Amino acid sequence: MLIPLPAPPLQVGPASNYIRSWSPYLLVLLVLQSLVCALRFICLLDIMGGFIMAIAIGLGWYAWSQDMNITFICYYGIFSLINGIFDLVRFIDYAVHVDQVFGEGPNFRNRNLVSGILLATPVVLFPGAFLAWKLYQANEADQGLDAAPTGGAWREEERQPLRPSASAQRSQFQAFHGEGQRLGTT
């Protein structure tokens, strides 16, 4: 693996109330991303870039429809981040090769439309990656709280290493005791 990433969390049971509270924000973000993706297909005729963006958005829609499934939110966030980076580089490349990114002049409406769509793509993708990261952190914190036996606050004595019991200290067992054997000898 090129970039070592932790395994995405597998959701068991429903999402926490905190993660569910972010559902309207994810919905607004997905609607904006879907609109920009449609403009990318229609106005720019960017089939490959629009298709990859549509895959990321589809993962987000699926996560939202499955009651904020954290596994698919993580996939959506990773796709959004990678696609946003590539689209930011594409916008920078476009900006370097044109005389003026926005403004008036010959064919300014078409140029402003293209520039706006190219700029809007990473602008709507990066918040999706950030939202997925925040929800991932909240899910990890929720999992940690559920695993703690005291309801989330570890007592200091629970952090101490285990001490061997008196009966374990008196054990007479010795590992690797006796004569060694070589392969091929009988």
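Looking at 34, 16, 80, 21, which one is closer than 17 Å to residue 127 by Cα, of a type in the set (Ser, Thr, Tyr) and at pLDDT below 90? Testing whether each residue is closer than 17 Å to residue 127 by Cα, of a type in the set (Ser, Thr, Tyr) and at pLDDT below 90 leaves just 21. Checked against the criterion of being touching a helix residue (DSSP H, G or I) at 6+ places or on another chain (Cβ under 7 Å), closer than 21 Å to residue 119 by Cα and without any contact (Cβ under 8 Å) to a residue 40 or more places away in the chain, the candidates 52, 42 yield just one match: 52.
Beta carbons closer than 8 Å, at least 6 apart along the sequence or on distinct chains, pair a first residue in segment 133-148 that is over 11 Å from residue 74 (Cα atoms) and surrounded by fewer than 17 Cβ atoms within 10 Å (Cβ to Cβ) with a second that is of a type outside the set (Asp, Glu) and modelled with pLDDT of 60 or more for 140/9; 143/9. Residues that are in a helix (DSSP H, G or I), out of contact with any Pro (no Cβ under 9 Å at 6 or more places or on another chain) and touching a residue at least 60 places away in the same chain (Cβ under 8 Å) do occur in segment 10-21, at least one of them.
Looking for whichever is of a type outside the set (Gly, Ala, Ser), exposed (fewer than 10 other Cβ atoms within 10 Å of the Cβ) and at pLDDT 75 or above here; the options are 179, 156. Which one fits? Can you show your working first?
Values: 156 fails: at pLDDT 75 or above.
Going through 179, 156 in turn, just one is of a type outside the set (Gly, Ala, Ser), exposed (fewer than 10 other Cβ atoms within 10 Å of the Cβ) and at pLDDT 75 or above: 179.
Looking at residue 88, is it among the hydrophobic types (A, V, I, L, M, F, W, C), within 18 Å of residue 135 (Cα to Cα) and at pLDDT 90 or above? So residue 88 does not fit the description; no. Restricting 59, 27 to those that are surrounded by fewer than 20 Cβ atoms within 10 Å (Cβ to Cβ) and either β-branched (Val, Ile, Thr) or assigned to a helix (DSSP H, G or I) (or both) reduces the list to 27. The one condition from (1) part of a helix (DSSP H, G or I); (2) at pLDDT 90 or above that residue 45 does not meet is (1).
The values are calculated or read from the model by the stated rules, or taken from the named source; none is laboratory data. All figures in this text were calculated on a predicted structure; none of them were measured in a lab. Using ideal geometry, Cβ is built from the backbone for each residue, glycine included, and neighbour counts are taken over all protein chains shown.
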